[in-house]
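Read through the structure below, which is laid out as structure tokens, and then see the notes.
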Amino acid sequence: MIIDLHIHTNLGSICSQLGPDELLVRVRELGIDGICVTDHHSHRGANRMLEYAGDRGYPIFRGVEIYTDYGDMLVFGLKRDTRYHLTTFWELVEMAEADGAVIIPAHPCRGWDPKHGHRHAFPREMADHIVAIETHNGANKHRSNLQAQELAREWGKPGVGGSDAHALWQVGKCVTVFEREISSEEDLVRELREGRFFGAYLEELRREAV
Ligand SMILES: [Zn+2]
Ligand SMILES: [Zn+2]
């Protein structure tokens, strides 16, 4: 099952121009089987999207993207909203543990400069509290995704993919391929915990399928 795991719509993100109608048309055209709406700090937009899509029968899941001192984190299964810029990674870990949610660093290597060896200093202990790394982010430069893939290998974590779309043309560039069908948020969280998935560029998947 192919899911675009990282999408911002204009129902919940003021930074997004992406409307719900065009989004639903586009993902079907692309042959993507489901989407996850991951607005900043709040499930409000994802809830609106679910209401909006109603009984159209297209799988829509909810997540949030939370700013922390270790960069943006995608969180699935969180039972609350958080406030902007006030959450540290370790506070988020506490919340996620209490709610049974899972954490995945979003675009962890965006802005790394390999020439100068500059990278955000991720403490190794972080690895024990995340289930995967976003190795394929559609808004990243390819180089940043390669660095994220290297980090995932180094830490022995699986990768997820999502477009990080804020506009229609970005939808579906990167996706997560799940081994099993996912029909609820609980399924999604369980599969993410179990590691039965991988991140990819949609174009690459299509090429391999030919
Ligand atoms: Zn982000
Ligand atoms: Zn994002």
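Read-outs throughout are calculated quantities, based only on the coordinates presented, and are distinct from any laboratory measurement. Just so it is clear, the structure is predicted and the values come from calculations on it, not from any experiment. Please note: Cβ atoms are built from the backbone with ideal geometry, for glycine as well, and neighbour counts cover all protein chains shown.
Could you pull out the longest piece of the chain with no exposed loop GluC sites (Glu not before Pro) in it, calling a site exposed if DSSP puts it outside H, G, I, E, B and it has at most 12 other Cβ atoms within 10 Å? All intermediate terms of the calculation are to be shown ahead of the outcome.
Numbers: sites that count: E179, E181.
After excluding every exposed loop site, the longest remaining stretch is 1-178.
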statement: Scoring only Lys, Arg, Asp and Glu (+1, +1, -1, -1) among other residues with Cβ under 13 Å from the Cβ of D72 yields -4
field: Among L146, L18, L92: highest mean-square fluctuation, GNM of the chain, C-alpha pairs under 10 Å
entry: L146
- request: Please build a GNM for the chain, connecting alpha carbons under 10 Å apart, and tell me which residue among G34, G138, G156 fluctuates the most.
  value: G156
query: Which residue, chosen from G71, L146, H129, occupies the Cα position most advanced towards the positive end of the dipole of the chain, where the dipole is computed from +1 (Lys, Arg) and -1 (Asp, Glu) charges on Cβ about the Cα centre?
result: L146
message: Rounded to the nearest 20 debye, what is the charge dipole size of the range 170-210 about its Cα centre when +1 sits on each Lys and Arg Cβ and -1 on each Asp and Glu Cβ?
response: 160 debye
message: Explain nothing, just the number: dipole magnitude of the chain about its Cα centre with +1 on each Lys and Arg Cβ and -1 on each Asp and Glu Cβ, in debye rounded to the nearest 20.
response: 480 debye
query: In nm, to one decimal, how far is the R153 label point from the R56 one, both placed 7 Å along Cα→Cβ?
result: 4.0 nm
task: Report the local net charge at H107: Lys and Arg +1, Asp and Glu -1, summed over other residues whose C-beta lies under 9 Å from its C-beta.
output: -2
- request: Among DSSP beta bridges whose residues both lie in the range 2-209, state the antiparallel percentage, nearest 5.
  value: 55 percent
message: Restricting to Cα pairs below 8 Å that are 6+ residues apart, what does the relative contact order work out to for the chain? Please round to a whole percent.
response: 22 percent
message: Along the charge dipole of the chain, pointing to its positive end and built from +1/-1 on Cβ of Lys, Arg, Asp and Glu, which listed residue (G195, A167, H40) has its Cα farthest out?
response: A167
task: With only Lys, Arg, Asp and Glu charged, each at its Cβ (+1 for the first two, -1 for the last two), find how big the charge dipole of the range 11-79 is about the Cα centre; round to the nearest 20 debye.
output: 180 debye
